[in-house]
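**Q** Here it is, the structure, as structure tokens.
No lab work stands behind these numbers, since they all come straight from the coordinates. Everything numeric in this text was worked out from a predicted model, so none of it was measured. Here the Cβ positions follow ideal geometry from the backbone for every residue, glycine too, while neighbour counts run over all protein chains shown.
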Amino acid sequence: MGKKNDFHAIAENNGIEIVSFRLPTVDSMSAEIDGRCYIAVDNSRHHTATEEEVRIGHELGHCLYGGFYTRNTPYDVMERHEVRADRWYIKRAIPRRTLFRLLGKGYDAWEIAEQLNTTEEYVRRAYYYYKENP
């Protein structure tokens, strides 16, 4: 298929530390502290390797384009940061050409997700993103 993303390596190459601990309300989060980005992944719930890679990829989107917010940030601004993080992840994990080539061959979302080491949800998000942004 295409090149496989190793989001752990991308994090390491960019000086982004990934830590695991209990996060009671979210599966993952990222934060910038003193100019350095950190990604936290909840270790109290079971995630597949793919689900963890997707979460890290999304959080890298926040870190590498600088899209952070706080509880006090207006919802529309939060949502824009989330969308940008998703787009960062989609562009790297689910390339447009690869997605449409596989769709053209008749693959279903779950088959594409399996081949690209992502989730069906992100395959669908990628499809709509690419359809709306040719």
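**Q** Can you give me the long-range amide H partners of S20? Hydrogens built in the peptide plane at 1.01 Å from N, cutoff under 5 Å, separation of 5 or more residues or another chain.
**A** V41
**Q** Between H46 and N133, how high is the FRET efficiency from 1/(1 + (r/R0)^6) when r is the Cβ-Cβ distance and R₀ = 35 Å? Nearest 0.05.
**A** According to the calculation, E is roughly 0.55.
**Q** Then there's this: Distance between Cα centroids, the stretch 78-115 to the stretch 4-61: provide it in whole Å.
**A** Between the Cα centres of the stretch 78-115 and the stretch 4-61 lies a distance of 19 Å.
**Q** Still on this model: How are the alpha carbon pair distances in the stretch 7-132 distributed across 5 Å bins from zero to the largest one, expressed in percent?
**A** Histogramming the stretch 7-132 at 5 Å steps yields 2, 11, 20, 21, 20, 15, 8, 4, 1, 0 percent.
**Q** Who wins for biggest fluctuation among A31, A109, A49 in a Gaussian network model of the chain, springs between alpha carbons below 10 Å?
**A** A49
**Q** Another question, then. Return a whole-number percent for the relative contact order of the chain, with Cα pairs under 8 Å and 6 or more residues apart as the contact set.
**A** 21 percent
**Q** While we're here: With both bridge residues required to lie in the chain, what share of the DSSP beta bridges run antiparallel, to the nearest 5%?
**A** Here the share of antiparallel DSSP bridges comes out near 55 percent.
**Q** Between R36 and Y65, what is 0.36 nm times their sequence separation minus the Cα-Cα distance? Round to one decimal in nm.
**A** Going from the current span to full extension adds 9.2 nm.
**Q** Please find, in a Gaussian network model of the chain (springs between Cα atoms separated by less than 10 Å), the residue of G104, G67, G57 whose mean-square fluctuation is greatest.
**A** G104
**Q** Quick one: if you stick a label point 7 Å off each Cα along the C-beta vector at Y75 and E114, how many nm between them?
**A** The two pseudo-label positions are separated by 3.9 nm.
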